[in-house]
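Asks: Just dropping this structure here.
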Number of protein chains: 2
Amino acid sequence: MRTRFQQGLDDLRQKLLRMGGLAEQAVDRARQAYVDRDLNRCQMVLEGESLINDSEREIDEAAFDLLAMQQPMAVDLRFILAVTKINSDLERVGDQAVNIAERVMDMIELPVVDLPVDIARMGAAVSAMVRRSLESFIEGKVELAQAVLEMDNVIDRMKDDAFIQLVKTMNQRPEAVRQALDALLVARNLERVADHATNIAEDVIFWVQGSDVRHNVNAEEHAEHAPGHPGPVRASGGLD
Amino acid sequence: MRTRFQQGLDDLRQKLLRMGGLAEQAVDRARQAYVDRDLNRCQMVLEGESLINDSEREIDEAAFDLLAMQQPMAVDLRFILAVTKINSDLERVGDQAVNIAERVMDMIELPVVDLPVDIARMGAAVSAMVRRSLESFIEGKVELAQAVLEMDNVIDRMKDDAFIQLVKTMNQRPEAVRQALDALLVARNLERVADHATNIAEDVIFWVQGSDVRHNVNAEEHAEHAPGHPGPVRASGGLD
């Protein structure tokens, strides 16, 4: 029984990694679509959305089935809950990629103007954040997750700079207002992707450290559930 | 044991309702702050954020403890998972209220200009969506949740209209660009609040119908876990 449960956990991890790959791909495509004004890539992002949505549901169901299958140990429980949270964030990363693709589709119809914003660079940094947040999940490493949290400040600054420059553009060049607004919204969408990567990193920390915290610092608080239990808290249900 | 678990579920529900109240209040305050250009209310929203964040963590911990305490039945499991998802959405509603308050603080520093957008009306509609999504949760009623999903289309249209009108304003009135942009971003934030209300409504449907689905349509799929079980699926763990 235990082995089948462990197998289920491994499957869940694999499913989430595939989902992460899809979300990362969507962001990369949207970013590249912006750089190349590439309608094809925009459409690939739009078409990819339903795959991501299906994947989200599949992962939620798998997590549910695991919780229903066996009373998990605290560390596994935290892992499963972290997976469902990361899952939501990845789905929303996909939504942001769709938003970006829609902005790019709007831009493609407008005359090309020079804009004082380096979306390609910001997008690359954001993609790296998503990738590293997934790595921190794969490796279960808090240090990697912490690095993601620090990158978020850099992205916030990039977005603020973009905001200031693009508002200036809108004020001074009425002919470029709509393009500048599109770029501003893309910057904002990228910032939101970074926020989701940050959430993922926080969930990894919750998963990895949370179990540690429960084993050590908060042992007393949970003594009621698992009196004197030295290792991972084995939940006390199934006794009724 | 069962009674203590049920008490825990009730507490969880109460906690989530309080959290919902905080999130709803934050949106209402932010909307009112926009209408009245009221710096005080903006600050109340900013200060309220940490309360919402604390509340989110508290609910996640309570959900975790319930899952660890006892192997829940499928219907309770879906409820607990729905709570954790609704919890995230409410926290993000709070974030959006903060974003709105920040935009309003920017606007307050700028000259008043007439803008072709009825943020008060859009805000009222969005607040109603949040309220109804919480009602659908309290009552466990799919019809109420469905009504929320339908309202989302109305909000999307309002946002699109606001977008079109405000871009026109930016093009034609350079002196109003920044105010128009602030209003546009507020409209976008409100749309995102509506998206979260939609997510909440979907989670209510997942919780209420999901259990039905498991009891009836998908009974076969889950027969392995609860062979021949006619009622709520009692998970088969704790046997190893």
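Asks: Wrap a convex hull around the Cα atoms of the range A:18-93, take a quarter of its surface area, and give that in square nanometres.
Replies: Convex hull of Cα atoms, orientation-averaged projection: 5.0 nm².
Asks: Additional query: Along Cα→Cβ at 7 Å, what distances in nm separate the A:V154 label point from those on the other copies, shortest first?
Replies: Counterpart label points of A:V154 in the remaining copies fall at 4.6 nm.
Asks: In addition: Share of Cα-Cα pairs in the protein assembly as shown beyond 31 Å, in percent?
Replies: Of all Cα-Cα pairs in the protein assembly as shown, 45 percent lie more than 31 Å apart.
Asks: Nearest 20 debye, what's the magnitude of the dipole of chain A about its Cα centre given +1 on Lys and Arg Cβ and -1 on Asp and Glu Cβ?
Replies: 320 debye
Asks: Another question, then. Report the relative contact order of chain B, percent, no decimals, based on alpha-carbon pairs under 8 angstrom and at least 6 residues apart.
Replies: Worked out over chain B, it gives 25 percent.
Asks: Size of the dipole of the protein assembly as shown about the Cα centre, Lys and Arg at +1 and Asp and Glu at -1 on the beta carbon, nothing else charged, in debye to 20?
Replies: 300 debye
Asks: By how many degrees, between 0 and 90 and to the nearest 10, does the Cα long axis of helix A:39-69 differ from the longest principal axis of chain A?
Replies: In chain A, helix A:39-69 runs at an angle near 10 degrees to the longest axis.
Asks: Could I ask something else about it? Using the structure shown, select from A:K15/B:K85; A:K85/B:K159; A:K141/B:K15 the pairs with a Cα to Cα distance greater than 24 angstrom.
Replies: Pairs exceeding the cut-off: A:K85/B:K159; A:K141/B:K15.
Asks: Which whole-number value in Å³ per residue fits the convex hull of the alpha carbons of the range B:59-155?
Replies: Dividing the Cα hull volume of the range B:59-155 by its residue count gives 102 Å³.
Asks: What are the label-to-label distances in nm, one decimal and shortest first, from B:N40 to the same spot in the other copies, with labels 7 Å along Cα to Cβ?
Replies: Sorted ascending, the copy-to-copy spacings read 6.0 nm.
Asks: Next question. Take chain A, connect every pair of alpha-carbon atoms lying under 10 Å apart with a spring to form a Gaussian network, then pick out the residue of A:V112, A:V167, A:V126 with the largest mean-square fluctuation.
Replies: Fluctuation is largest for A:V112.
Asks: Give the separation of the Cα centroids, the range B:62-118 to the range A:126-198, in Å.
Replies: Comparing the Cα centres of the range B:62-118 and the range A:126-198, I get a distance of 21 Å.
Asks: How big is Rg to Rh over the range B:2-219, alpha-carbon atoms, Rh as the Kirkwood inverse-mean-distance radius?
Replies: 1.06
Asks: So what's the Cα pair-distance distribution over the range A:100-201, bin width 10 Å, in %?
Replies: Calculated P(r), rounded to whole percents: 17, 42, 25, 13, 3.
Asks: Next question. Would you kindly work out, in nm and rounded to one decimal, the distances from the label point of A:E61 to those of the same position in each other copy, ordered shortest first, with label points 7 Å along Cα-to-Cβ?
Replies: 3.5
Throughout, read-outs are computed from the coordinates displayed, never taken from laboratory work. Bear in mind that the values here come from a model prediction, so they are computed numbers and not experimental data. All Cβ positions, even for glycine, are placed from backbone atoms using ideal geometry, and neighbour counts span all protein chains on display.
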